[in-house]
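Heads up: the structure comes next, in structure tokens.
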Amino acid sequence: MFLNKGYLKEYKDGKIKGVHTTVAEEKLGRKLGKHEVVHHKDGNKLNNDPDNLIVLRHTRDHTVLHNSNNKGLEVFETKDGSCVVVKDQVVCEYCGGLFVPDALHTRYCTIECGARATFNKQSKALHTVDPNMLAQQVWEIPSTKLADMYGVSDSAINKWCRKFDIEKPPRGYWTKKNAQL
């Protein structure tokens, strides 16, 4: 082992590798991705304790973290164990993507993620469909695409709308809407 630019390095498999990288990979149980970078929480490059290391998904997250003095930033752990740095953004509860929340999107980045998260594809049970979300979705997504999202037929979407007394767009609505774009 030797020091290089303040980091503890080692020869491993004929290559020079940072000890912090080796420790982080062991902690995650996988190799780091192409753009992933290891960050020392306490700023001490020699403290390679697994609890002091976090893996950031991209070098830009590392840059943001260092340039901001941690003001207004949050670090979220994703499903794969890596972390993302967000400022005024949240992580989608379904796909793990980042988005800026608004009145309609507070937990999921898109309506599609919301639909997938709230629908149990195995049971396809009617009670798993949120009527309020469905009422919003039928005006934003054509029934055939909604059906694909929920893993059912477009007839099932029509039946749910009748069951929950949800008004659907009239015939030709999507053609007119697409023509306006």
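Computed from the coordinates by the stated procedures, all read-outs in this text should not be read as laboratory data. Just so you know, these numbers come straight off a predicted model, no measurement behind them. Cβ atoms come from the backbone with ideal geometry, glycine included; neighbour counts cover every protein chain shown.
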Rounded to two decimals, what is Rg over Rh for the range 2-88 when you use alpha-carbon atoms and the Kirkwood radius? 0.97
For a bin width of 10 Å, list the pair-distance distribution of the chain built from all Cα-Cα distances, rounded to whole %. 8, 26, 22, 17, 15, 9, 3, 0
Going from the fewest other Cβ atoms within 10 Å to the most, one would list Ile54, Ile157 as Ile54, Ile157
If you only keep lysine pairs separated by 8 or more in sequence, or across chains, how many in the range 13-79 come under 24 Å at the Cα atoms? 20
Do the sum for the chain: with -39,500 (n - 2.57) for every DSSP H run of n ≥ 4, divided by all residues, what is the mean residue ellipticity at 222 nm, to the nearest 500 deg cm²/dmol? -9000 deg cm²/dmol
Neighbour-count order for Asp51, Asp148, fewest beta carbons within 10 angstrom listed first: Asp51, Asp148
